[in-house]
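Asker: Mind having a look at this structure? Questions to follow.
The values are calculated or read from the model by the stated rules, or taken from the named source; none is laboratory data. The model shown is predicted, which means the values in this text are computed figures rather than measured ones. Glycine also receives a Cβ, built like all others from the backbone with ideal geometry; neighbour counts cover every protein chain displayed. Side chains are part of the model used for accessible areas, which takes the heavy atoms of the whole protein and leaves out ligands, DNA and RNA. Shrake-Rupley method; radii C 1.70, N 1.55, O 1.52, S 1.80 Å.
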Amino acid sequence: MNRAWTEFLSGLSEALEEASGQNRRRTLRPMTRLPGGRVHLEDGRTLVDVSSNDYLGLALHPLVRTRAADYAQRLGGSSTASRLVTGTLPEHLAVEQRLAAFKRADAALLFASGFQANATVLPALLDLMAGPVKVFADRLNHASLHAGLAQAGARQIRFRHNDLNHLERQLQAIDNQGRTRLIVTESVFSMDGDRADLNGLMDLADRYDAILYIDEAHATGVLGPHGAGLCAILPKGAPVIVMGTLGKALGGFGAYVAGPKTLIQALVQRCGGFIYSTAPPPAVLGALDAALDLAPGMDLHRERLLKDAERVRKAAEARGFATYGSTTQIVPVGLESEARALNAAQTLEEAGLLAVAIRPPTVSEGTSRLRLSLSAAHDAEVIDRLVEAIGAIR
């Protein structure tokens, strides 16, 4: 018997038992998605999903499904190769052009996932930037941003969450002679649901000669003019590199980077995550093409979504639960301990609502929570039930 293998498996079992004892063990829970933001569980129950990122309810929209199926029927199940070999279809270029126009950028480039984009684009950017690069990063940035900077070997100068005064002091402390400054942040933070001050960041970038890299995963489709994201308010030609995902409000799969044409062309040459990955399959392109038809015209859905979120947020705050500065469709309900978060999730489940408890290491110690993600697919009855259920959390 292989002793190393036996000890390895034994160690894994001990780690899993420890996670269970800390109320931190995660399990995969299969479910079938239904219209109206609902899911059907294997035990036969149907619940309303208030934890998904399907913010506009497009994942099951008839046009999205039909066009995804049409692209797959016409073009096949796979793009069969990486983009630089034989994997680029005319449809890739067409939807990238449409996506760039939606994001008010010169060009865009598709990636397989948001994690892959951040984890591989950031190393490529730092390699492309002239001279030593100083990286300033919000402490609450998504794990994929931290992973990309770690992969690049960059030391992060982390500023307190959304604290631009702290960021400015750090910028002042670094002599910029011969150095490129890169500020990395999200426009909407995925766990807290709060927003970065993009105008303030733009002002700092101008004054301290810095470049911004902004993750718009949770803003694209929901915020900004016609859902174009918060970066769409920034002036044309601003020193901003934007990325975002397609599997949230746009109801599909994958990610993108948007910016000047020279940037996109350089990433085609140098970004490993793009160069060495099979191109997104036709069905993904069809779903995105349909979403780009639908999302810009959904202003009334976005308005109602944010009003519903404000009502839910006030209900949580009335009970004394922290909402961590949320101003978006993401409403955290702070419960501090893992056990309290799990109990609260059970309370909501008994009310027919699926709300997943978020626990360390996803969030910091003592900040376990329910992360409520509202959708335009939720009707008034669902919001009423959710408000009532929050009032019943012990």
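Asker: Compare LYS261, LYS103 by solvent-accessible area with a 1.4 Å probe and give them largest first, with all protein chains kept in place.
Answerer: Numbers: LYS261 120, LYS103 20 Å².
Greatest to least solvent exposure: LYS261, LYS103.
Asker: Which value in deg cm²/dmol, rounded to the nearest 500, describes the helix-derived mean residue ellipticity at 222 nm for the chain, given -39,500 (n - 2.57) per DSSP H run of n ≥ 4 and division by the residue count?
Answerer: Taken over the chain, the calculation gives -13000 deg cm²/dmol.
Asker: How big is the Kirkwood radius of region 4-90, worked out from every pair of different alpha carbons and given in Å to one decimal?
Answerer: With all distinct Cα pairs of region 4-90 included, I get 17.7 Å.
Asker: Where does the chain land on the Kirkwood hydrodynamic radius, alpha-carbon pairs, in angstrom?
Answerer: Numbers: mean 1/r = 0.0450 Å⁻¹.
One over the average 1/r among Cα pairs gives 22.2 Å for the chain.
Asker: Search the structure for amide H atoms under 5 Å from the amide H of ILE241, placed 1.01 Å from N in the peptide plane, and list their residues when 5 or more places away or on another chain.
Answerer: LEU212, TYR213, ILE214
Asker: Estimate the FRET efficiency between SER337 and MET1 by the formula 1/(1 + (r/R0)^6), using the beta-carbon distance for r and 56 Å for R0, to the nearest 0.05.
Answerer: Plugging the Cβ-Cβ distance into 1/(1 + (r/R0)^6) gives 0.85.
Asker: I want the antiparallel fraction of DSSP beta bridges within the chain, as a percent rounded to 5.
Answerer: On the way: 26 of 47 bridges.
So the antiparallel bridges amount to about 55 percent of the total.
Asker: With a point put 7 Å past each Cα toward its Cβ, work out how far ALA94 is from ARG169 in nm, to one decimal.
Answerer: 5.4
Asker: Using a Gaussian network for the chain with springs between C-alpha atoms less than 10 Å apart, which of these wobbles most: LEU201, LEU353, LEU300?
Answerer: Ranking LEU201, LEU353, LEU300 by mean-square fluctuation puts LEU300 first.
Asker: Could you pull out every one of the lysines with an alpha carbon less than 16 Å from that of LYS236, ignoring same-chain neighbours closer than 8 positions?
Answerer: Qualifying lysines at Cα under 16 Å: LYS103, LYS261.
Asker: At 7 Å along the Cα-to-beta-carbon direction for both THR362 and ARG207, put a label point, then send me their distance in nm to one decimal.
Answerer: 3.7
Asker: Further question: In whole Å, largest first, what are the principal axis extents of the Cα atoms in region 238-348?
Answerer: Principal extents (Cα only, largest first): 52, 34, 33 Å.
Asker: Among ALA283, LEU212, GLY297, pick out the residue whose Cα is farthest towards the positive end of the charge dipole of region 207-310, where Lys and Arg carry +1 and Asp and Glu carry -1 on C-beta, about the Cα centre.
Answerer: Of the candidates, LEU212 comes out farthest on the positive side.
Asker: If you count only protein heavy atoms with a 1.4 Å probe, what accessible area per residue comes out for the chain, rounded to a whole Å²?
Answerer: I get 45 Å² per residue for this part.
Asker: May I pose another question? Mind checking which aspartates and glutamates have their Cα closer than 14 Å to the Cα of LYS134? Skip sequence neighbours fewer than 8 apart in that chain.
Answerer: The reachable aspartates and glutamates, counting only those whose Cα sits under 14 Å from LYS134, are GLU168, ASP175, ASP209.
Asker: Out of the GluC sites (Glu not before Pro) in region 328-371, which ones are loop residues according to DSSP with at most 13 other C-beta atoms within 10 Å?
Answerer: The qualifying sites are GLU365.
Asker: Still on this structure, I have one more. Starting at the first residue of region 351-368, write each ³J(HN,Hα) from the Karplus equation 6.51 cos²θ - 1.76 cosθ + 1.60 with θ = phi - 60°, in whole Hz, x for Gly and Pro.
Answerer: Couplings: 8, x, 10, 9, 10, 8, 6, 9, 10, x, x, 4, 10, 5, 3, x, 10, 4 Hz.
Asker: Please list, in order along region 132-145, the HN-Hα scalar couplings obtained from phi with the Karplus expression 6.51 cos²θ - 1.76 cosθ + 1.60 (θ = phi - 60°), rounded to whole Hz, x for Gly and Pro.
Answerer: Those phi angles translate into x, 10, 9, 10, 10, 9, 4, 4, 9, 4, 4, 4, 5, 5 Hz.
Asker: For a quick check: with amide H placed at 1.01 Å from N, whose amide H comes under 5 Å from LEU372's, ignoring anything fewer than 5 positions away on the same chain?
Answerer: Sorted by chain and number, the residues that satisfy this are VAL331, VAL333.
Asker: Sort all Cα-Cα distances of region 128-240 into consecutive 5 angstrom bins from zero, then give the percent of pairs in each bin up to the one containing the longest distance.
Answerer: Going out from 0 Å in 5 Å bins, region 128-240 shows 2, 12, 23, 24, 21, 12, 4, 1, 0 percent.
Asker: Follow-up question, since we're still on this one. What ³J(HN,Hα) values, in whole Hz, does the Karplus curve 6.51 cos²θ - 1.76 cosθ + 1.60 give for region 63-71 when θ = phi - 60°, with x put for Gly and Pro?
Answerer: 5, 5, 5, 5, 6, 4, 5, 5, 4
Asker: In addition: How much space per residue, in cubic angstrom, does the convex hull of the C-alpha atoms of region 156-197 take up?
Answerer: 77
Asker: Return the long-range amide H neighbours of PHE136 (sequence gap of 5 or more, or a different chain), with a cut-off of under 5 Å between placed amide H atoms.
Answerer: Long-range HN contacts for PHE136: ILE157, LEU182, ILE183, VAL184.
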